[in-house]
Structure formats: structure tokens, C-alpha cells
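These notes concern the structure reproduced below.
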């Protein structure tokens, strides 16, 4: 159900508009002047605003300017009994979605409201899609470990040196790999990601190197592997500590010779790929246990980047929370929620076993279940285990 804010100093007009819009299934709220309307506008999220122009305290045009500064995505429809072409043009120039004269034509008003809501939905959807498709998330944080990672990326990204990223699950190893790729000379090429832990051992070779039609029972057509897909770009091997020894041997050959062979083929294919690997395991311990090849470890670890756990960088939690609040509220199409200082402190005291991934999930939970401002009581109720 859409929320509409009606701002008009004439009570009879507000009542009439409320009755009409309620009958059409809209939820409405009223304000008797521009100042009251602006206060309500800033306190919560509305889908559309209907605003009179001639009002005491703060007129409609002044409200429009201040509302646009606060949240330009909410369409404002101006209504006035003192209208003329110049007033309408001025209102639209200042950011109004449309202008309707009093007494409003019912059909035109309802069509205008629907059009305004359609545009608002498109704006929100476009923002979400752009964020999902185009963005490489920022590396949020000012702690010393994060500063060191940023400095390392600046130095090594322009080279073709292979990188091994280590750290617990959920700390942001993939984000480091993305930033290395984006700042490298291969940024125009693809960043191809492979989660080695998610692929069965019998399929990992086909996934990485491809296969020829008929090379095994389910190979009904030729498949291009991830190494070929990443040719000229970057291949990110996530959770490489879970890769089988047989596949490790073939990856080692690809790194040594710059060549791969599809499963079921005898022809070598040259590939130009920068490999970035990541793991949450101690690979040297895996080497001792005969589960990981020492020669492959040395090939992968030209540059070592360790991403600290969230518990090791708790000073960054306020910055991360603010970013998640902004991003998630934008994705949901709602006004950004605030958080109390004491609630920040409580989040910093929490033991983040799931790291940044857990923190983002918690912030999303707080956005959904809390009011406009996230309080310490909200954190105690929805985050801290009882």
C-alpha cells in the first residue's frame, strides 16, 4: 500500500483528498502547513507528496526545495487554486513531478499519482541494478591492517604477480581480489571467479580447463573452462585449499607453462591469465598433512595478503555499519535509518565470529525489525544472544 503525504492549510481540502485517496487504496497522512509537512517528510518515507503552494510559515515552493535537498527521489505534486502557467513551470523547474490546479480533476490527479509512483519505482530499481552490476564495493576502514592492505594493493595491482589472500570466512577476501583486478592493467578483461569448495572434485578439472564433447558420459557438448574465459584477465581461485591434488597438479602446469589442456583433448591451449587465490586454511599446515602441494603454494604466494578478522579491526565497525545502512536502505527503497551512539558501542563489543558477512546480515535484520532509529534495545533484542 502506497503512502501519500498531503500538505494543505485548508482542512476541507485535506479531508476531501484523504477520502478520495483512501477509497483508491492509498494510505495517507496530513500536514496543515509547510513546516509540519517538512518535519513529517524527514521523519519517514513517503511514496508521493501532494503539496499546496500558498501556505503560511513555509510555502509549497520552499517546501519543495527543502524536500528535494533531503530526498530528491520522492515525487512532489504541487496543487494550487492560484495557479497559472508561470507558476506551474517554476514548480517543475524546481523539481516538482507535476502541477495540478484546484479544484483538481479526479481522474487527472489519480493518473498523475500513478505516474509519479511508477517513476519512483523505476528510479529505485535503476539504482539497485546499477549498484549490483557496476559497483566494486569500497574497502571500508581506517584501521592499520586495512590501510596496509590498501597500500599493498596499490603496489602490486599494476604487476602480474600472483597473490595469495588468506583470512577467515566472511572477512572480504573476494573484495581484495576485485580491487587488485580493478587497479591492474587487466581491468578491461574479465575477472572470473571459481569457488573450489563448491565444485565436486570429479568436476573441478572440467570447470577449470574445459572439456571436449564426448570426453565423459555427460559431456554432450564442448565446454570452455575458466582459464580460457579469463584469458587476458584475472582468475580468482577462492577456497583453493579445498582443491584436489590431481587438479592442483594441472593448475601448477598452467602457471608454469601458460598452457592448459581440455579434458578429453590432446592439444595445448595458450592462456594469459593472472591468478589470485584465496583460502581460509593454513596452507603450510595442509602441505605438512600432504593435502596441498608445496610447489603450488610457492607459485601462488608471490605476494601474501592477510585480511584480518572483524574482531581485529573493531574500530572500523561504525564505518561499516554506516555504509551497510546506506546500501541496504537504498536497495529496499526506504529512507536511511539512523543508529544511536550507544548502539554502535554495543556492536563493537560483540564477538563477530562470522566477520563482515555476519555484520551485514545483522544490519539488515536491524533495518527490517527496528524503527526509524536503531537503539541499544534493538541491538540487545535482535543481535546479542540471550
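Since every read-out is calculated from the coordinates, none of them should be taken as a lab result. What you are looking at is a predicted structure, and each value in this text was computed from that prediction instead of being measured. Glycine also receives a Cβ, built like all others from the backbone with ideal geometry; neighbour counts cover every protein chain displayed.
Key figures for this structure:
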quantity: Reduced Cα scattering model of the chain, Debye log10 I(q)/I(0), q = 0.10 Å⁻¹; calculated: -0.81
quantity: Folded to 0 to 90 degrees: helix 245-257 orientation relative to the chain principal axis, Cα; calculated: 90
quantity: Share, in percent, of DSSP beta bridges within segment 162-308 that are antiparallel, nearest 5; calculated: 20
quantity: Stokes-Einstein diffusion coefficient of segment 3-134, Kirkwood radius over Cα pairs, 25 °C, 0.890 mPa s, in µm²/s; calculated: 165
quantity: Rounded to 5, the percent of DSSP beta bridges in the chain classed as antiparallel; calculated: 10
quantity: Relative contact order %, the chain, counting alpha carbon pairs below 8 Å whose residues are six or more apart; calculated: 13
quantity: Protection-proxy order for peptides 309-317, 192-200, each taking the mean of Cβ atoms within 10 Å per residue, highest first; calculated: 309-317, 192-200
quantity: Value of Rg to Rh for segment 162-308 (Rh from inverse mean 1/r over Cα pairs, i.e. Kirkwood); calculated: 0.96
quantity: Using alpha-carbon coordinates, inclination of helix 317-332 to the longest axis of the chain, degrees; calculated: 60
quantity: Between 0 and 90°, nearest 10: helix 60-70 axis offset from the chain longest Cα axis; calculated: 20
quantity: Over the chain: helical MRE at 222 nm, DSSP H runs n ≥ 4 each giving -39500 (n - 2.57), nearest 500; calculated: -14000 deg cm²/dmol
